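The values are calculated or read from the model by the stated rules, or taken from the named source; none is laboratory data. None of these values were measured; they are calculated from a predicted model. Cβ placement follows ideal geometry from the backbone for every residue including glycine, while neighbour counts extend to all protein chains displayed.
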Amino acid sequence: MTAPAIDLTGVLRPVRQGNAFEETVERLLTVIKLGLVGPGERFPAERDLATQLGISRLTLREAIHELHEAGYVCSRRGRLGGTFVTYDRPTPNSADLRRLARRDADKLTDALIFRVAVEAGAAEALAVQFGSGASVGTVAGRRAAADGAGSPGAEADGAAGLAARDTLLARLADVNSAGPDDYRRLDTLFHLSIAELTGSSLLATAAAEARMRLNDLLNAIPVLPRNIAHAAGQHAAIVEAVLAGDADRARREVAEHLEGTAALLRGFLA
C-alpha cells in the first residue's frame, strides 16, 4: 500500500503580503526540511503553490530562485518538469546542537510540551471522528467521496473514512519498514498525517510547527535499531486506538510515545 502525497495546506498557508517573499521562502524551507517533499520529489505546480500561498507567481518564482541559488531545489522544463528538491540533510554537528540545547533548555522543554499537546490532541480528535461514524475530515477522504459522484450522505462518509483509514495504514507501513537513512522523514510524515486527517488546517499547521521546532535536534540523535523496533509497536498502538475510535487511549498512546522520544533527546543532548 502506497500512501498518497501529504496535503501541504497546513504548512503552505497564505502569507502576509507585507513580507510575502520572506514568508514564502520560510514556508518552502519548512516543507523541505521536514521532508514533506523529499529529495528528488517535485513540489506542486507553480499555479497551485501561488494560490495556496496567496501570492503572485512572480513572488513565488523569486523565492524558488533564492532556494535554487542556496542549493535546496532545481527547476526542470518540459512536460515532466517542475521544481524538485535537491536538499539532502547534512550530518548534524552534535556538539553544536548540544550547546544549543543547553543554552535554550527552557525553549526545548517548551517545544516538547507543545508537541505532546498538539499531537496527542490530534490523535484524540481523529479517534473521535472514527468513533462517531461521521465523515472523517481528511482531504483524501473528501476526494475519495467526490470521486464517487452521486454518492450522497452515508456513502460519501464511508468513502471518506475508508480513504482516511487507508492513508493512515499506509503511513504506518512506510515508517515501520523504514531504514535508518529515511526513518526521520517517514516518522515525520506519519505523525503529521494524523493531524492532517482530522481535516483541521489549524491543527495541521500547529503539528508542523511543533515538529519544526525540534527538527534539527531530532535529526542530531542517532537512529537506534532497538528504538525503531520499540517505536514501531507504539505507532501500531496509536493507529489501532484511532481506528477503534478510542479517543482516551489514542491520546495516551501518543503521549507515551512522545515521552520516549523526549527522553532520548534529553539523554543524547545532555
Of the listed residues (244, 231, 164), the one being of a type in the set (Gly, Ala, Ser), over 14 Å from residue 116 (Cα atoms) and in contact with a Ser or Thr (Cβ under 6 Å, 6 or more places away or on another chain) is 164
Could you tell me which numbered condition residue 45 fails, if it satisfies all but one of (1) at pLDDT 90 or above; (2) not assigned by TED's automatic domain parsing to the domain that holds residue 68; (3) not hydroxyl-bearing (Ser, Thr, Tyr)? (2)
With respect to residue 242, is the statement that it is aliphatic (A, V, I, L, M) and touching a Leu at 6+ places or on another chain (Cβ under 9 Å) true? yes
Residue hits (the range 48-61; closer than 17 Å to residue 31 by Cα and assigned to a helix (DSSP H, G or I)) are 48, 49, 50, 51, 52, 53, 60, 61
Could you say whether any residue in the range 83-101 is among the acidic types (Asp, Glu), more than 19 Å from residue 189 (Cα to Cα) and modelled with pLDDT of 85 or more? no
Residue, surrounded by the fewest Cβ atoms within 10 Å (Cβ to Cβ), within the range 234-260, restricted to residues that are farther than 12 Å from residue 168 by Cβ and touching a Lys or Arg at 6+ places or on another chain (Cβ under 9 Å): 237
Is it fair to say residue 244 is of a type in the set (Gly, Ala, Ser), closer than 19 Å to residue 166 by Cβ and either at pLDDT 95 or above or within 17 Å of the chain's Cα centre (by Cα) (or both)? yes
If you check 24, 51, which single one turns out to be surrounded by fewer than 19 Cβ atoms within 10 Å (Cβ to Cβ) and of a type in the set (Val, Ile, Thr)? 51
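For (1) over 16 Å from residue 34 (Cα atoms); (2) touching a residue at least 24 places away in the same chain (Cβ under 8 Å); (3) part of a helix (DSSP H, G or I); (4) touching a helix residue (DSSP H, G or I) at 6+ places or on another chain (Cβ under 6 Å), each residue gets a yes or a no:
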{"residue": "159", "(1), (2), (3), (4)": "yes, no, yes, yes"}
{"residue": "162", "(1), (2), (3), (4)": "yes, no, yes, no"}
{"residue": "169", "(1), (2), (3), (4)": "yes, yes, yes, no"}
{"residue": "185", "(1), (2), (3), (4)": "no, yes, yes, no"}
{"residue": "194", "(1), (2), (3), (4)": "no, yes, yes, yes"}
{"residue": "205", "(1), (2), (3), (4)": "no, yes, yes, no"}
{"residue": "261", "(1), (2), (3), (4)": "yes, yes, yes, no"}
Quick one: would you say residue 36 is assigned to a loop (DSSP other than H, G, I, E, B) and buried (at least 18 other Cβ atoms within 10 Å of the Cβ)? yes
